[in-house]
Each structure stands twice: as C-alpha cells, then as structure tokens.
Amino acid sequence: MTQNIEKLPIKTTPEIDFDLRAAGYFGASLAQKYANGEPFPHIVIDDFLPKDLIASICSHFPDEAVDEEMLYERGYKGQNKRQINPNQCDPFLRQVFNVFNSAPMLNFLEELTGIEGLIPDPYFAGGGLHETKSGGFLGVHSDFRLNKKLNIERRLNVIIYLNRDWLLEYGGNLELWDAGMRQCIKKIHPIYNRGVIFNTDKDSNHGHPTPLSTPPDISRRSLALYYYTALKGSLDPTQRNKTHYKPRPSDRISLKYYWTKLFKKKP
C-alpha cells in the first residue's frame, strides 16, 4: 500500500512517536531522486520535520556553553565554529537525538539510499549541534571515513538547518563540488527546516567556504547526524580516519589559504 507522505512521520504529542513503516514509505518515494543527485547521490527536502518538532529543537538550542563542546578557530578547517555533543544537552534534545538514531530513521535512510545495515553513532563523533558565527566558515572537504571507536565505516550525512528568516546575503550556502575540485556543482541555501542527505565517500566534497556575512547576533545553526555500516573484511589501510580538506581553484593561488591552513592552531 502506497502512502502520500511529505515529511518524516514523527508525532510529538502526547510524546515523540516515529512510525517505522511510514518512514520506509517516505524514503522509498524519494529513492530515485536521491540516486540521481549530482555531483554525488544526495537530496534536499524542505519542511523536513513537523513544525512543532523543529520549533522545539530551536528553542532548546543551547545559547550558553555546555560541557565538552568543541570550538574551531582553524581557518579553512573551520573558523568561528561551535560543535555541541547531544549527550551534553538537556533531556529534550537527548530524546530527539535518540529518535534520530532509532529504527524508523534507519529504515527511512535505507529505503532512501539503498544502503542496507545502517548503524547510528550513540557517541555522535563530529555530529550533534553545529553553530557558526559571523565571519565563520568551513572549507570544502570530504569527511573522515572510519569511526575508530566503533570500528565502522561512515556512509551518510544528514544535516537539518535551524535558521529562521535566513537571508541570501548572509551566505553560508552548502557547496557540493565535483570529484576533481574543479567546480562547485550545487549551492544549497541553509534555510529553516531544510534537510540535506548525502553519501559520504572520498569524493563527496562539500563545505560552506565563504565567510558568513551575518549581523553579530545571528549565527548559522544546524543539526548533523552521521550513519555507518559494518566494515567488510579487514581494515583498509587507505581509509582515512581524519577529515580531508581540499583547496578550491581560487585557493590554489591564495597565500592567505596556505597561511591559515598551516598556522591556525588545532583544537
């Protein structure tokens, strides 16, 4: 039986409930569009979460520093960026992230992407809540391929944007680049309740490399989730466990790029 589903089938009243079968239907309905994404399989889904859920996530976003959050001041490798682990957040946000790690979410993603046996990361290595402030940016990169703690292979990224009334002049577009880093194929405006899902491999080059032009009181916020599969056979020594940052054509002739890349302090 086919259902007409336009967003993730999550209900928030009287408590959060995520329908397993409906989630699979939703993913299957978008599978062809996902597979045809360029420059690598991906999809952009607007109004991704129910209105009350996305509003509650935004209202619980921690404005003040939390324990063990990461701050990035590394130039092209991340500037004016804050990363918050959900396990350090309040009970509501912990519950929300547990839902995103649940069987219905995995069913949705497996039907969408055709990748079977997806595994969530309960420790949220590199994931969680992200915030970049005015002047901040994140260079184009392909993500780390191995989760060393769990010994699993990274396969998918899910990003949900939390930016109300985001103006085009603020910048912050997510850029998708071709495998050879010759040109940007697609720019995705990081607007409120927009979900972006894409394959993670050695050539899934992405980032938001242009410094934000926001007022000081406005930041670029998102929710980031990563999903994995079990390693097949022995560990491939060519697989990276670190993010690989890649210069754009304009960066290859920029002294500023090489200066910030070499001399910015590591977190």
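Laboratory data are not the source of any read-out in this text; all were calculated from the coordinates shown. On a predicted model such as this, the values are computed, not experimentally measured, just so you know. Because the Cβ atoms are built from the backbone with ideal geometry, glycine has one as well, and the counts that use them run over all protein chains shown.
Look at the alpha carbon pairs under 8 Å that are at least 6 residues apart: their mean separation over the length of region 1-153 gives a relative contact order of 27 percent. How far is the Cα center of region 148-196 from the Cα center of region 106-123, in Å? Each part reduced to its Cα centre gives a spacing of 19 Å.
Please work out whether region 103-185 counts as rounded, prolate or oblate from its C-alpha gyration tensor, where a ≥ b ≥ c are the square roots of the eigenvalues and a/c under 1.5 means rounded, while otherwise a/b larger than b/c means prolate and anything else oblate? Prolate.
Loop-located chymotrypsin sites (Phe, Trp or Tyr not before Pro) across region 120-165 with a Cβ neighbour count of 16 or fewer within 10 Å are Y123, with loop assigned by DSSP. For the chain, the longest principal axis of the C-alpha atoms and the axis of helix 103-113 are separated by about 60°.
Note on N36 and A103: the extension gain reaches 21.6 nm, defined as 0.36 nm multiplied by sequence separation minus the Cα-Cα distance.
Given axes a ≥ b ≥ c from the Cα gyration tensor, I'd like to know whether region 138-191 is rounded (a/c under 1.5), prolate (a/b larger than b/c) or oblate. Oblate, because a/c is 1.5 or more while a/b does not exceed b/c. When a/c is below 1.5 the answer is rounded, else prolate if a/b is larger than b/c, else oblate, so apply that to region 1-140 with a ≥ b ≥ c taken from the square roots of the Cα gyration tensor eigenvalues. In terms of gyration-tensor shape, oblate. Taking the Cα centre of the chain as reference, the dipole from Cβ charges on Lys and Arg (+1) and Asp and Glu (-1) amounts to some 1300 debye. In this structure, the pairs whose alpha-carbon distance is over 30 Å, taken from K51/K187; K81/K246; K7/K187; K187/K232; K133/K187, are K187/K232. List residues of region 200-227, by number, whose backbone nitrogen lies under 13 Å from a label position 7 Å along Cα→C-beta of M70. Taking a point 7 Å out along Cα→Cβ of M70, the residues of region 200-227 whose backbone N falls under 13 Å are 224-226. With R₀ fixed at 25 Å, the C-beta to C-beta distance from L150 to N87 puts the FRET efficiency at about 0.95. Using the Cβ of I191 as centre and a radius below 10 Å, the other residues enclosed give a net charge of 0, where K and R count +1 and D and E count -1. The label-point distance for K187 and K133, in a model that sets each label 7 Å from Cα toward Cβ, rounds to 2.6 nm. Extent of region 79-218 along its three principal axes (Cα atoms, max minus min coordinate, largest first): 41, 40, 26 Å.
For the chain, the fraction of alpha-carbon pairs lying more than 33 Å apart is 17 percent, rounded to a whole number. What angle do you read, to the nearest 10 degrees and between 0 and 90, between the alpha-carbon axis of helix 91-100 and the longest principal axis of the chain? The answer is roughly 80 degrees. Quick one: net charge of N85's neighbours, Cβ under 9 Å, K/R +1, D/E -1? Value of the local net charge: -3.
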